[in-house]
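The values are calculated or read from the model by the stated rules, or taken from the named source; none is laboratory data. Quick caveat: nothing in here was measured; it's all calculated off a predicted structure. Cβ atoms come from the backbone with ideal geometry, glycine included; neighbour counts cover every protein chain shown. The area values use the complete protein model at the heavy-atom level, side chains included, leaving out ligands, DNA and RNA. Shrake-Rupley method; radii C 1.70, N 1.55, O 1.52, S 1.80 Å.
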Amino acid sequence: RTVCKGVVMVSERIRAMGSPHWMLLFGVIGTAWGLLYAMALPSDLRAAGQVYGLDFLTQLCVVTPDAAGLFRVTLMWCLMSAAMMAPTVLPALATYDDLAQTVPDTNFAHLVAGYLVVWLGFSILAALLQMGLFYADLVSLFGDSRSATLSSMLLMLAGLYQFSPLKEACLSKCRQPMMFFLQYWTDGPWRNGIRLGLVCLGCCWALMLLAFVGGVMNLVFMGIATVIMMIEKLPQIGQYLTKPLGIFLVASSVWVLLSGW
């Protein structure tokens, strides 16, 4: 009977995710990954893409010393944030969607908009950081670290942050989205979206910055990082990942520094 009940609940959730607002969200995620893939194509396929006028995509991840360069890199980070972070917040959005069936004053679009505003701000700051690191000759044109010291520092930062009280507090809210929304429900969907974005940012900002180590346009790194951040937010198994991941990142930091990699 329990198994049958679980199957019914899953079936109902799948049907609910077939509604237009979910299809739009999945479309945004898929489009972001598609554009990132196009930007990361090897040089021979990039040349072929120019025939169809798609070569502008490859320029989004290239730093140039002007305002246009900052805009392109910011757009690239926006795509990365949408592609990597939106999947990690799907359980929270599903919880909100369930509450919307019984609780008044819900607006799915406003919630998602507030969430994305936070990551837009992060994307701007990350783009500025990439520009600064490029001018300091610490990253390449494509945002990849050229310094073992920088790579080691970013790995150490991310590793130590895994043990921080702030990280744990943010994860606890992500792992219990029902309690999170009920606690702040009266603030409305827009503010709750911003708050959810800030909590998500508190969980993931240090791991996102490892893009400078793994490669800003490295799809393998982005895929692995997305899966890790998704698992870390799951209530049953996420707690078993956070600290071991921190130990791994700290050890990697020491290895990178000693090896000069």
task = Of the conditions (1) at pLDDT below 85; (2) in contact with a Leu (Cβ under 9 Å, 6 or more places away or on another chain), PRO20 clears all except one; give me its number.
result = (2)
query = If you go through segment 205-224 one residue at a time, how many are in contact (Cβ under 8 Å) with a residue 24 or more places away in the chain and either open to solvent by 10 Å² or more (accessible area, probe 1.4 Å) or among the aromatic types (Phe, Trp, Tyr) (or both)?
reply = 9
note = Scanning segment 247-261 residue by residue, those open to solvent by 30 Å² or more (accessible area, probe 1.4 Å) and not aliphatic (A, V, I, L, M) turn out to be PHE248, TRP255, SER259, GLY260, TRP261
ask   = What is the number of the single condition among (1) touching a residue at least 60 places away in the same chain (Cβ under 8 Å); (2) of a type outside the set (S, T, N, Q); (3) under 15 Å from ILE29 (Cβ atoms); (4) crowded, with 16+ Cβ neighbours inside 10 Å that ALA94 does not meet?
value = (4)
ask   = So which residues in segment 225-246 are assigned to a helix (DSSP H, G or I), open to solvent by less than 20 Å² (accessible area, probe 1.4 Å) and either farther than 21 Å from ALA148 by Cα or in contact with an Asp or Glu (Cβ under 7 Å, 6 or more places away or on another chain) (or both)?
value = THR226, MET229, GLU232, THR242
key: Residues of segment 141-198 satisfying the condition of being open to solvent by 20 Å² or more (accessible area, probe 1.4 Å), at pLDDT below 90 and within 22 Å of SER81 (Cβ to Cβ)   = LEU141, PHE142, ASP144, SER145
